[in-house]
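Read the structure below first, then the notes.
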Amino acid sequence: KNDSRGTFSFFEAEMDARAQSRRKIEIDLREAIQGDMLRPYYQPLVDLSTGRITGFEALVRWPHPERGMISPAEFIPVAEETGLINALGGQMLHRACTDAARWPDDVRVAVNLSPLQFRTGNLLSLVMEALKQSGLPARRLELEITETLLLEKSSQVLATLHALRALGVRISMDDFGTGYSSLSYLRSFPFDKIKIDQSFVRDLGTNREAQAIVRAIISLGAGLGVTITAEGVETESELSCLRAEGCQEGQGFLFSRARPNAEIVGLLQAQSGADSAAPEDTAKAA
Ligand code: C2E
Ligand code: MG
Ligand code: MG
Ligand code: MG
């Protein structure tokens, strides 16, 4: 009896500590948002046939005064539980559009949206406002959503997605393959891009099932006329496997981690410098 009571109070203490740490994150996050401390870092999206950067995904970074950089995996869930995600998402969208407006005209920016941002009812005007204020053409903005958004089969959500697309914004399905019934969602909305979740890419070399799934998603993309992007490309062998399967685009530590905006223009200049220095024939193979 003593043992089980001991275990129970240990469990309670654990729960308490977790609740407290979430509270602390909530308080600090609220302050960080108010103080405009959050920043998007940008991770390249690479055309696998040419090796060129076609765009960047904006990933929120929080430089915490005491704890250093905190991972979004830790604070996005808290932001969603507390409703702070709307302010956070709005700031990221504005900043990403403003940063991207200064990049070359053929480079896109991809911004992640939380399902909760669709519930506020003003997502469309938020996006229009961000485009207008930054001067970024709509065709250079990609919005990434996950399958959870489409789970409810809400007509309001679909209407918003169609309205966004009518602006010229591209809509991507993120983390494809990790949700419940991925395939049915592809019928409900004409996505511009599907991002294969990194869990499939990670197992490419060692797992025949993962390889078969990746192959199937790529051929699905070809059939639907949708761009396929592989997330989490870390090794040369994953890259050559994806190339062999005809995957169009990749993203991952092999190419680059997410970097601050200050480094992006230099990165793109290095790319165009390399272009003019090297003969073009190898790049034009596809
Ligand atoms: P995501 O949208 O699927 O973003 C890709 C995540 O994979 C990023 O993690 C990125 O750093 C990581 N990643 C990229 N390449 C590799 C690789 O080669 N190996 C491995 N192991 N990981 C790689 P990050 O930045 O920690 O973000 C995690 C998630 O947090 C994102 O997943 C997204 O769901 C969410 N998130 C990030 N920024 C925002 C935001 O501004 N708004 C919202 N709503 N969610 C965001
Ligand atoms: Mg994403
Ligand atoms: Mg993803
Ligand atoms: Mg993810």
Quick check on my filter: what residues within the range 55-83 are under 18 Å from A262 (Cβ atoms) and among the aliphatic types (A, V, I, L, M)? A58, L59, V60, M69
Among (1) in a helix (DSSP H, G or I); (2) within 11 Å of ligand 1 (Cβ to nearest atom); (3) touching a Ser or Thr at 6+ places or on another chain (Cβ under 7 Å), there is one condition L158 misses while meeting the rest; what is its number? (2)
Would you confirm whether or not the range 224-232 contains a residue that is in a loop (DSSP other than H, G, I, E, B) and of a type in the set (D, E)? yes
Tell me, please, whether a residue that is outside any helix (DSSP H, G or I), charged (D, E, K, R), within 16 Å of ligand 2 (Cβ to nearest atom) and in contact with a Gly (Cβ under 9 Å, 6 or more places away or on another chain) can be found in the range 167-184. no
Subset of the range 236-257 [crowded, with 21+ Cβ neighbours inside 10 Å and closer than 16 Å to N207 by Cα]: E238, L239, L242
Could you say whether any residue in the range 205-224 is within 15 Å of ligand 1 (Cβ to nearest atom), closer than 22 Å to S114 by Cβ and not aliphatic (A, V, I, L, M)? no
Exclusive hit being surrounded by 17 or more Cβ atoms within 10 Å (Cβ to Cβ), in contact (Cβ under 8 Å) with a residue 40 or more places away in the chain and not basic (K, R), set L136, L143, L150, L164: L164
Cβ-Cβ under 6 Å pairs, at least 6 apart or on other chains, the range 81-97 side away from ligand 4 (no atom under 16 Å from the Cβ), far side in a helix (DSSP H, G or I) and of a type in the set (S, T, Y): C97/S134
Residues (small (G, A, S) and more than 16 Å from ligand 3 (Cβ to nearest atom)) located in the range 257-273: A262, G266, A270, S272, G273
Are any residues in the range 221-235 farther than 21 Å from L143 by Cβ and either more than 16 Å from ligand 3 (Cβ to nearest atom) or surrounded by fewer than 19 Cβ atoms within 10 Å (Cβ to Cβ) (or both), and if so, which ones? A222, G223, E234, T235
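Condition check ((1) over 26 Å from D174 (Cα atoms); (2) outside any strand (DSSP E or B); (3) of a type in the set (D, E, K, R); (4) away from ligand 4 (no atom under 16 Å from the Cβ)) across all residues:
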| residue | (1), (2), (3), (4) |
| --- | --- |
| M15 | yes, yes, no, yes |
| L29 | no, yes, no, yes |
| D36 | yes, yes, yes, yes |
| G51 | no, yes, no, yes |
| E57 | no, no, yes, no |
| P63 | no, no, no, yes |
| V78 | no, yes, no, yes |
| A110 | no, no, no, no |
| Q117 | no, yes, no, yes |
Looking only at the range 123-149, and only at residues there that are in a strand (DSSP E or B) and within 16 Å of ligand 3 (Cβ to nearest atom), the one that is nearest to the chain's Cα centre (by Cα): E144
Failed condition for Y180, given (1) farther than 20 Å from Q117 by Cβ; (2) hydroxyl-bearing (S, T, Y); (3) within 15 Å of ligand 1 (Cβ to nearest atom), with all others met? (3)
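Each value in this text was obtained by applying a stated rule to the coordinates, not by laboratory testing. Everything quoted here is computed from the prediction, not taken from an experiment. Using ideal geometry, Cβ is built from the backbone for each residue, glycine included, and neighbour counts are taken over all protein chains shown.
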